[in-house]
1. Looking for something open to solvent by less than 20 Å² (accessible area, probe 1.4 Å) and in contact (Cβ under 8 Å) with a residue 40 or more places away in the chain - is there at least one such residue anywhere in region 126-141?
2. Return the only residue of R119, R32, R72, R56 being touching an Asp or Glu at 6+ places or on another chain (Cβ under 6 Å), open to solvent by 50 Å² or more (accessible area, probe 1.4 Å) and in contact (Cβ under 8 Å) with a residue 24 or more places away in the chain.
3. Please find, within region 71-98, the residue that is modelled with the highest pLDDT out of those that are among the charged types (D, E, K, R) and more than 26 Å from P226 (Cβ to Cβ).
4. Within region 185-192, can one find any residue that is of a type in the set (D, E) and closer than 22 Å to E21 by Cβ?
5. Keeping to region 149-196, report how many residues are among the charged types (D, E, K, R), closer than 22 Å to V352 by Cα and open to solvent by 40 Å² or more (accessible area, probe 1.4 Å).
6. I'm trying to understand the selection: among the residues of region 197-212, which are open to solvent by 50 Å² or more (accessible area, probe 1.4 Å) and touching a His at 6+ places or on another chain (Cβ under 6 Å)?
7. When region 349-370 is examined, which residues are found to be among the charged types (D, E, K, R) and either buried (at least 22 other Cβ atoms within 10 Å of the Cβ) or modelled with pLDDT under 95 (or both)?
8. Within the bounds of region 410-429, is there any residue that is open to solvent by 50 Å² or more (accessible area, probe 1.4 Å), of a type in the set (S, T, Y), at pLDDT 85 or above and not in a loop (DSSP other than H, G, I, E, B)?
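The values are calculated or read from the model by the stated rules, or taken from the named source; none is laboratory data. A quick note: this is a predicted structure, and the numbers were derived from the prediction, not measured. Cβ sites come from the backbone with ideal geometry, for glycine too, and all protein chains shown count toward neighbours. The protein model used for the area step is the full one, side chains on, heavy atoms only, and it has no ligands, DNA or RNA in it. Shrake-Rupley method; radii C 1.70, N 1.55, O 1.52, S 1.80 Å.
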Amino acid sequence: MSRKIWLASLLLAVGPTFAGEAFFAISYHDVRDDVVADYDPDQYAISTDNLAAHFRWLQDHGYRPVSLDEIRAAAGGGQPLPDKAVLLTFDDGYSSHYTHVYPLLKAFGYPAVFSLVTRWMSEARGAEVEYGLDRKTREDFLSWEQVRVMQASGLAEFASHSHDLHRGINGNPQGNLLPAAVARRYSDSGYESTSEYLQRLRDDISLSLAIMQRETGTRPRVVTWPYGKYSRQTMEVAAELGATINLTLDEGIASLDRLRTVPRYLVQANPPAAELGVWLDAARRQEIVRAAHVDLDYVYDPDPKQQEANLGLLLDRIRALQISHVFLQAFADPDGDGAAEALYFPNRHMPVRADLFSRVAWQLMTRSEVKVYAWMPVLAFELPGVEPARLVQEQLMSGTRRDPKGEARLSPFLAENRQIINEIYADLGVHARFDGLLFHDDARLNEREDASPAGRDA
């Protein structure tokens, strides 16, 4: 495995600057008087004193918290945002949002968005609420009367945080609990179908929006996806139901021309105001990335115990090297010719060497705390029984042939090939969570290619 891990450094592009066209969004959770420094058991909680200090720091340094109404108006060509616009958001609907946050909002005149999990709020008084691996009670969360009081002030807007998607579900054969909003549920009968998944998602968000409309008189226009995990399908479902703004936990500065997905800075470890200032400054600078390219063929082993041992060693090494981004192979190429002989995720067209990519990607993201990019071919898929006429061919004096030094590649000029490739990528997106794609270097044609029948006719 060590032979196939290499490191590289690169610079990410700078995000949008403010200048009235962008804003910072900040995600807070629980607020308590007794948060213990930066090592409290709840790493997402912030002390009341530190939150007040954040508000004072924003005020003293020219930052202006804005409402979603102001953001939408600016996006529609109305009054531009101030140069240092900030969107304050508070997730999970804690009761402290009324007892601790709301008084501070009134004192500073700051607007904010609060995201509610309607199932937790639908429990009877005194009932136990499952919150991740912890247990809370109904009283740990806002009451609807408190929500209505905050809403009437004009300072609070309320978003759906789903009805019952703020939890993990079994998402692969290895038993990883993956975010319910984006994972296909896995059981003894296999993965849930696309139609079953979309219906589960639609039923949940529809119920959440309906409950909030019934209790507040206003239908939410925002969905805040649990754990910040979302997809094209989740956004499409939300939009169908009238919620066109999606709050995420992506990194970066939010832009008026991309309100469909709003990145947010996740507040952790009870940071003092000075640390908030450091982040606001750093978000406007270039970021140096340390990346590792990982060959999944060296993690795979037919013995499940050895495979888990290999995975453990990989996770430890990635953490020790302080890697920030991993380019993770999602295809099997045991002979090293550059073409995918099989894939590491369920799909419609190729053999599955092992349903492994989802497991490794999730462990890397959660245990090694890195961003994972799926490393995939563009054309080099060795489909079973594929006819030579469907492959890229090279024009020679004596005729045409496949390049003997190159991998077998599907001709991009054939509609059937393009459809298969699209479906392979769609299946990857269905069965795994990852942050982006790294395309293999097989998507090139030299001056003598493509001389296949499809290429000649194109």
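1. Yes, the conditions are met somewhere in region 126-141.
2. Details: R32 fails: touching an Asp or Glu at 6+ places or on another chain (Cβ under 6 Å); R72 fails: touching an Asp or Glu at 6+ places or on another chain (Cβ under 6 Å); R56 fails: touching an Asp or Glu at 6+ places or on another chain (Cβ under 6 Å).
Answer to the selection: R119.
3. Residues of region 71-98 among the charged types (D, E, K, R): 72, 83-84, 91-92.
If we keep only those that are more than 26 Å from P226 (Cβ to Cβ) too, we end up with 83-84.
Numbers: D83: 89, K84: 92.
Among them, the one singled out is K84.
4. Of the residues in region 185-192, the ones of a type in the set (D, E) are 188, 192.
Then drop every residue that is not closer than 22 Å to E21 by Cβ, which leaves none.
No.
5. Keep residues of region 149-196 that are among the charged types (D, E, K, R), which gives 157, 164, 167, 184-185, 188, 192, 196.
Those still in the list that are closer than 22 Å to V352 by Cα too: 184-185, 188, 192.
Cutting the leftovers down to open to solvent by 40 Å² or more (accessible area, probe 1.4 Å) gives us 185, 188.
Of the residues in that region, 2 qualify.
6. Listed by number, the list holds a single entry, L207.
7. Applying the first criterion (among the charged types (D, E, K, R)) to region 349-370 yields 353, 355, 359, 367, 369.
Passing the criteria: R359, R367, E369.
8. No, region 410-429 contains no residue that is open to solvent by 50 Å² or more (accessible area, probe 1.4 Å), of a type in the set (S, T, Y), at pLDDT 85 or above and not in a loop (DSSP other than H, G, I, E, B).
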